[in-house]
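Peer 1: Questions regarding the structure given below will be posed in turn.
The values are calculated or read from the model by the stated rules, or taken from the named source; none is laboratory data. Note that this is a predicted model, so its numbers are computed, not measured. Note that each Cβ is placed from the backbone with ideal geometry, even for glycine, and that neighbours are counted across all protein chains shown. To get the accessible areas, we keep the full protein, side chains included, count just its heavy atoms, and leave off ligands, DNA and RNA. Shrake-Rupley method; radii C 1.70, N 1.55, O 1.52, S 1.80 Å.
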Amino acid sequence: MKRSTFFSFVAPSLVSMLLLIALPLVAIVYLALYQSFTQTELKEVKTEVPLFGGLTREVTRMVPQSVLDADGNPVKVWQYVGGQNLENAIDVEGLKASVDGAQIETPREFIKALYREISDVDFWSALEFTLLYTFVTTPIILILGFGLALATNRVTLQLRGSVVFVTLLPMIVTPVVSSLAVYWLFIDGGVVVATLEAMGFGKFYFLADQVTIRLVIIAYGVWFAAPFAFIILYAGLQTVPEEPLEAAIIDGATPWQRVRYIVIPYLSPLFAVITLIHVMDSYRVFEPVLVFGSRVFANSVQYLTYYTLVFEENIHKSTAYAVLTVAGVVVLLIPIMIRTYKDQKAKK
């Protein structure tokens, strides 16, 4: 292929990546390293203060006012602060106070006390549930997606289309709408709560307890992401060569042995791709935390970024959270990418 032809093919992708990924990342890092404020100055202001008898007295005060430019707009100053915004985001002082506040008795009691103290710090509480959500949902969607793919591959051709369609339904609905659907099932008086109460299990408040609301969000994450793993692995099953499977059957291998020693190794690149994509998506979990209103019991780093920007109106702190989100995703992806690289190198 000629070099000009090659560049004509890749240029649109490179330009899109530059405009939509690289430049926003540079802007976020810039905002995280700087602090902006409106320049003010003290000006002398004279006011008339009324006294008794219709008399007045002139009072002079020094009042801070915004400095205006030639066009009459407030002058904004940008100051380089280095890692100060990142330190404020991770709340270093709050983390130190949590360590100091943990009562040291036995190592086990100290760990429990330290966990309780750290859970009260916004960033570390959000990071804790973000990692919990990521590490719990990832293996479950891989196992569930693979099981669904194997099961669908065994049904008759007439039923496969319907099974695939039903399985992919969660992917068709947008995350906010699907989060709302699950939320309405578990709110007070919802279908699940009313059904359990009618069956004699008593009244459950799923969204008012830390354990239950986290379980519901994790269950939602599995339900929403498993169809993606299913469709990728199901497509991969259609390409598994028949010769090794037939040889294994002749040698007396059981169905589980054929899956373990032939199918799974063959699909290992697809498992790696699914893991990479899901880790990136799950670390940025946002919609269920927003819809469930679970910031007290189940926060996330992505939601913390949104909350800081919208409600606290602190763009520099929110961009610091965004930088920490990108860094967290990179840290989680590095071991997976190294393992994938080693596997591919060994195969070559």
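Peer 1: I need two numbers for the range 143-186: Rg to one decimal and Dmax as a whole number, Cα atoms only, in Å.
Peer 2: Cα radius of gyration and Dmax of the range 143-186 are 13.3, 37 Å respectively.
Peer 1: What is the extension gain from K76 to R108, computed as 0.36 nm multiplied by their sequence separation minus the C-alpha to C-alpha distance, in nm to one decimal? If you can, show how the numbers build up before the last one.
Peer 2: On the way: separation 32, 0.36 × 32 = 11.52 nm, distance 5.10 nm.
Result for the pair: 6.4 nm of gain on full extension.
Peer 1: Something else now. What residue among P269, P227, P255 shows peak mean-square fluctuation when the chain is described by a Gaussian network model with Cα springs under 10 Å?
Peer 2: Highest fluctuation of the listed residues: P255.
Peer 1: Looking at the chain as a GNM with Cα springs under 10 Å, which of G145, G252, G83 has the largest mean-square fluctuation?
Peer 2: Among G145, G252, G83, the largest GNM mean-square fluctuation belongs to G252.
Peer 1: Helix hunt in the chain: which complete DSSP H runs extend at least 18 Å axially by C-alpha with mean Kyte-Doolittle at least -1.0? Intermediate results must be reported in sequence, preceding the final value.
Peer 2: Working: long enough: 3-17 (20 Å, 0.95); 122-154 (48 Å, 1.12); 210-237 (39 Å, 1.76); 268-283 (22 Å, 1.23); 315-347 (47 Å, 0.66).
Correct list, ordered by number: 3-17, 122-154, 210-237, 268-283, 315-347.
Peer 1: In nm, give the distance between the simple-model label positions of E242 and V326, each being 7 Å from the Cα along the Cα-to-Cβ direction.
Peer 2: Label-label distance for E242 and V326, simple model: 5.0 nm.
Peer 1: If amide H atoms are built 1.01 Å from N in the plane of the peptide, which residues on other chains or at least 5 residues away come under 5 Å of the amide H of T40?
Peer 2: Answer set, sorted by chain and number: V67.
Peer 1: For every other residue with a beta carbon closer than 11 angstrom to the beta carbon of F204, add +1 if it is Lys or Arg and -1 if Asp or Glu, then tell me the sum.
Peer 2: Here the charged neighbours net out to -2.
Peer 1: Something else now. Over the alpha-carbon set of the range 193-348, work out the extent along each principal axis and list the three values in angstrom, largest first.
Peer 2: 64, 51, 20
Peer 1: Tell me, what is the 1.4 Å probe accessible area of V166, in Å² to the nearest 10?
Peer 2: Near enough 90 Å² of accessible area.
Peer 1: Using a 1.4 angstrom probe on the protein heavy atoms only, line up R154, R61 by accessible area, largest first.
Peer 2: These residues rank, largest area first, as R154, R61.
Peer 1: Could you state how much accessible area R284 has, in square angstrom rounded to the nearest 10, with a 1.4 Å probe and all protein chains kept in place?
Peer 2: Using a 1.4 Å probe on the heavy atoms, I get roughly 100 Å².
Peer 1: Same structure, new question: Hey, can you grab everything whose amide H is under 5 Å from the amide H of Y34? Only 5+ residues off in sequence or another chain; H modelled, so Pro and N-termini drop out.
Peer 2: HN-HN under 5 Å from Y34: V81.
Peer 1: Output wanted: per-residue J couplings in Hz (rounded whole) for the range 71-79, from phi through Karplus 6.51 cos²θ - 1.76 cosθ + 1.60, θ = phi - 60°, x for Gly and Pro.
Peer 2: 8, x, 9, x, 7, 9, 10, 10, 10
Peer 1: Which one of T325, T60, T152 has the biggest mean-square fluctuation once the chain is modelled by GNM with Cα springs under 10 Å?
Peer 2: The residue that fluctuates most here is T60.
Peer 1: Also: What does the C-alpha gyration tensor say about the overall shape of the range 114-209? Classify as rounded when a/c is under 1.5, otherwise prolate if a/b is larger than b/c, or oblate.
Peer 2: Oblate, since a/c reaches 1.5 and b/c is not below a/b.
Peer 1: Still on this structure, I have one more. Count of lysine pairs in the chain with Cα atoms under 23 Å apart, counting only pairs 8 or more residues apart in sequence or on different chains?
Peer 2: Summing the qualifying lysine pairs gives 4.
Peer 1: Starting from the 7 Å offset along Cα-to-Cβ, what nm value, one decimal, do you get for the label separation of V296 and D120?
Peer 2: Distance between the two pseudo-spin positions: 1.5 nm.
Peer 1: Show Y30, Y303, Y183 ordered by accessible area, largest first, where the area counts protein heavy atoms only and the probe is 1.4 Å. Mind dumping the intermediate values first?
Peer 2: On the way: Y30 105, Y303 25, Y183 65 Å².
The most accessible residue leads, giving Y30, Y183, Y303.
Peer 1: Shifting gears a bit: Decide, for the chain, between rounded, prolate and oblate: order the square roots of the alpha carbon gyration tensor eigenvalues as a ≥ b ≥ c, take rounded if a/c falls under 1.5, and otherwise choose prolate if a/b is larger than b/c, else oblate.
Peer 2: On the way: a/c = 2.39, a/b = 1.75, b/c = 1.37.
Because a/c hits 1.5 or more and a/b exceeds b/c, the chain counts as prolate.
Peer 1: Moving on to the next point. What distance in nm separates the simple spin-label points at I334 and T156, each placed 7 Å from Cα in the Cβ direction?
Peer 2: Calculated label separation equals 5.4 nm.
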